[in-house]
Amino acid sequence: MNLKQIVLTTAALAAAFSATLSTPAVAADAKEQFFPLLVYRTGPYAPNGTPWANGKQDYIKMINARDGGINGVKITFEECETGYATDKGVECYERLKGKAASLIDPQATGITFALTDKAPGDKIPLVTMGYGLAASQDGGVFKWNFPLMGSYWTAADILIQHLGKKEGGLDKLKGKKIALVYHDSPFGKEPMPLLEERSKTHGFELVKIPVTAPGVEQKSAWLQVRQQRPDYVLLWGWGVMNSTALKEAQATGYPRDKMYGVWWAGAEPDVKDVGDGAKGYNALALNTSGQQPKVIQDILKLVHDKGQGTGPKDEVGSVLYTRGVIIQAMAIEAVRRAQERFGKGKVMTGEQVRWGLENLALDDKKLAALGLTGVIRPVSTSCLDHMGSTWARVQTWDGAKWGFSSDWYQADEAILKPMVKAAADKYAGDKKLTRRTPADCQS
Amino acid sequence: MIYRENGQFKTSYRADQQIFPILQDKLFILGLVAFAALAVPMLASEYTFRAILTPFLILSLAAMGLNVLVGYCGQISLGTGAFMAIGAYGAYNFFVRLPGMPLIAALLLGGLCATVVGVLFGIPSLRIKGLYLAVATLAAQFFTDWAFLRIKWFTNDSSSGSVSVAGLNVLGLPIETPVQKYLFCLAFVCVFALLTKNLVRGHIGREWMAMRDMDVAAAVIGIRPVYAKLSAFAVSSFIVGVAGGLWGFVHLGSWEPAAFSVDRSFQLLFMVIIGGLGSIAGSFFGAAFIVLLPILLDALPAKLGIPIDTALASHLTFMIFGALIVFFLIVEPHGIARLWATAREKLRLWPFPH
């Protein structure tokens, strides 16, 4: 390489670099509500991250096509690939927040942890539906976090309730052995405090079996399952870990109908490859799947039939796709709610959207209008409760599709509430925060 | 022309042994530091600080630490992520458990923890060499991954294994805004770069290089392998540990062991190899290449207004990035630092090359 080439290459690189540096934070257009979408379409979590991301995008496209936006405010979005990695996620957040971001759904518990400290300073709400930090349900401390519809504590609580019901009463769990096979990351470790609490109350033994991320190698974990012979296995997995776990369970001969997954371990990509081997496997469900709901029909009609769909058409309406739709629907409803207070047809700032998220009131009538009848239960948040609902069901894989196998459950407030409060207070103590005053709740 | 050295006479050994014997080099570096400290805070955007400059500085520091070990002493290490993790968690424990612990002291103590573990894992280097040593240091990586995930004490009994720090300040000055964080890291990097540069120019550095070039010959001329190798491990892990502390405290704010996985170790090793083995400047070039290039490539389609699928953009980034690594290694196996040195040599002769 001679000098001329070196100089030219350097100059080209420098030019490209300065182009990125000098781009100022783009102010949102007068009538555009911007949603940054942190997604992962590559890596070991892509099979699950992709339908989720597609659902979010398609819903935005559908709302723009059907309603022309939110009360006339057009919705724009930009995706950023995180690959489920925390540092990349933080980079994406920094990149997109400058464009007047309405709210952020990080799609990963690790990224949520990192952003929880940053969001209050930047005044951007974090929506972590069914994941994230369990303690952040307490809106008195976590002003900017919204773990809508459930956290890992409510999930663990519901699973234990279900197991108790199966055994004929929670007291029958005494002396039983329950193994938690978990993704060795904050995501997998979150449910532990609640399970420990429950195991103390009901006297079952909790065995914790870690699986190193991303979870393609689980031989030793399932060897432990074989040695310990637990009565039930709770599977806290994500991405390739789930299908691998089911294959290993099949190889070890652990009965699949004794396995219960969290709602992130209960989608089509997790079981499809295992097929019949996963028959009888159970998982929590936050939402239904299928193409019958009106909202999915609208997406098919207005987006996919026009050739503007984001993913393959037959994946529309799958479990995680529907969840993506719900998350985006909640986000957009929060903006709509904020507009009711701060001015219809205006672009809402992160602060205003936060108010909307805190005052979401989606009753049956509103859900019907959204086309979400039967997909989820009503959600209503408040200043102190940033979750809004803890309803979930158990579903079972029959070898070809997911079917519900239980009634709706709700997490036990008596156990959850003191734990959430204690954890939130501890967080506030560590960070030297004070609880929000009632006056702050009004703002 | 630019590099006219006419009239720069060295009249004492002291003058001849300066870090930058040529005046232009010295002015350039001083100017660069002044630019980074004074002008950049006024020019760059928040995104640039948080997502580009701060990680770049911290990883340069870590790469510099690794360069001491791999580039100067010739001991291949795949445990850099581990030493970063030890630095970060060590500093965290000092910071959280001892009330009133100053930030800088906590970071340096974290570095000391890494030093102790680094020396411990360096002991095998006295018996095994080359790739075998790389495998031995890989053990450090897996050991710390395990320790910080499993031993609750290290993470202050956090239920999820994720820890976070808040309220950073130095002598009452808060380290909160992106600019403050950047300047804090810049100060660390400048001080450590100066110390390291002087260390590798001195007798210790010459011992390391003798060890690297031929350990038997070095032992024959009176260099003690134990001392030389372990001191390289100690210095390297100290710097890497401090970089780990900065990465956790200043850049991430809250982190889990996965932030210091084996991927980080590989990333740092690539930085050192691509940047230039045995060169302080090379560490900066390598860090810039590995940190900035993927971000640039990733952001480029959006900047140019080319509508491109997110997944495709991400795959393209990997492919182009990989191709560029191969390209650089073919064109200049000694790293970008050598390209820089060649360019400088040419500039000294320009416009009359011979």
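For the reader, a short list of remarks on this structure follows.
- Share, in percent, of DSSP beta bridges within the protein assembly as shown that are antiparallel, nearest 5: 35 percent
- Residue with peak Gaussian network fluctuation, chain B [Cα springs, cutoff 10 Å], from B:64, B:84, B:101: B:101
- Rounded tilt (10° steps) of A:86-97 against the dominant C-alpha axis of chain A: 40 degrees
- Cβ charges +1 (Lys, Arg) and -1 (Asp, Glu), total dipole of chain B, debye: 800 debye
- Kirkwood hydrodynamic radius (C-alpha pairs) into Stokes-Einstein, segment B:45-349, 20 °C and 1.002 mPa s, D in µm²/s: 107 µm²/s
- Taking every Cα-Cα distance in segment B:235-306 and sorting them into 5 Å bins starting at zero, the pair-distance distribution P(r) comes out as 4, 14, 16, 25, 19, 12, 7, 3, 1, 0 percent.
- Per-selection Rg to Rh, segment A:323-394 - Cα, Kirkwood hydrodynamic radius: 0.97
- Counting neighbouring beta carbons within 10 Å and listing from fewest to most, the residues A:190, A:79 come out as A:79, A:190.
- Aspartates and glutamates whose Cα lies under 17 Å from that of residue A:61, excluding same-chain neighbours fewer than 8 positions away: A:32, A:78, A:79, A:298, A:305, A:315, A:333, B:309
- Choice from B:229, B:26, B:303 showing the highest fluctuation, given a GNM over chain B with Cα pairs closer than 10 Å: B:303
- Within the listed set A:203, A:130, A:150, the Gaussian network model of chain A (springs between alpha-carbon atoms below 10 Å) gives the highest mean-square fluctuation for A:203.
- Computed over the alpha carbons of chain A, Rg followed by Dmax gives 22.3, 80 Å.
- Given A:208/A:258; A:56/A:421; A:97/A:426; A:97/A:306, the pairs whose alpha carbons are separated by over 21 Å: A:56/A:421; A:97/A:426; A:97/A:306
- Taking other C-beta atoms within 10 angstrom as a stand-in for reagent exposure, A:202, B:334 fall in the order B:334, A:202, fewest first.
- Largest first and in whole Å, the equivalent-ellipsoid semi-axes of segment A:281-408 read 28, 20, 11, each the square root of five times a Cα gyration tensor eigenvalue.
- Electrostatic bookkeeping for residue B:301 treats Lys and Arg as +1 and Asp and Glu as -1; over the other residues with beta carbon under 12 Å from its beta carbon, the sum is -4.
- In the frame of its principal axes, segment A:86-157 has Cα extents of 38, 24, 16 Å, reported largest first.
- Given charges at Cβ of Lys, Arg, Asp, Glu: chain B dipole, positive-most of B:286, B:12, B:265: B:12
- Angle of helix A:240-252 to the longest C-alpha principal axis of chain A, folded into 0 to 90 degrees and rounded to 10: 20°.
- Ranked by the mean number of other Cβ atoms within 10 Å of their residues, highest first, the peptides A:323-334, A:55-66 come out as A:323-334, A:55-66.
- Across q = 0.13 Å⁻¹, segment A:36-84 modelled as identical point scatterers on its alpha-carbon atoms has Debye log10 I(q)/I(0) values of -0.34, in the order of the q list.
- Volume of the Cα convex hull of the protein assembly as shown, divided per residue and given in Å³: 175 Å³
- Hydrodynamic estimate: the Kirkwood radius of segment B:215-336 over Cα pairs, inserted into Stokes-Einstein at 20 °C and 1.002 mPa s, corresponds to D of 125 µm²/s.
- Residue B:220/residue A:431 FRET efficiency (R0 56 Å; Cβ-Cβ; nearest 0.05): 0.45
- Taking all Cα pairs closer than 8 Å and separated by 6 or more residues, the relative contact order of segment A:51-168 comes to 15 percent.
- The C-alpha atoms of chain A define a longest principal axis, and helix A:219-228 lies at about 30 degrees to it.
- Cross-link pairs beyond the 27 Å C-alpha cut-off, checked among A:99/A:344; A:365/A:417; A:166/A:189; A:432/B:181: A:365/A:417
- Here the Kirkwood formula puts the hydrodynamic radius of segment A:177-261 at 12.7 Å, using every distinct Cα pair.
- For segment A:24-118, the gyration tensor built on C-alpha atoms gives an oblate shape. Its axis ratio a/c (a ≥ b ≥ c) is at least 1.5, and a/b is not larger than b/c.
- Anchor residue A:247: aspartates and glutamates whose Cα lies under 16 Å away (excluding residues fewer than 8 positions away in-chain): A:217, A:257, A:268, A:270, A:273, A:276, A:398
- The order of A:117, B:213, B:298, going from fewest to most other C-beta atoms within 10 Å of their C-beta, is B:213, A:117, B:298.
- Normalised by the number of residues in segment A:337-443, the mean separation of alpha-carbon contacts (under 8 Å, six or more apart) gives a relative contact order of 15 percent.
- The overall shape of segment A:63-192, judged from the alpha-carbon gyration tensor, is prolate: a/c is not under 1.5, and a/b is greater than b/c.
Computed from the coordinates by the stated procedures, all read-outs in this text should not be read as laboratory data. On a predicted model such as this, the values are computed, not experimentally measured, just so you know. Using ideal geometry, Cβ is built from the backbone for each residue, glycine included, and neighbour counts are taken over all protein chains shown.
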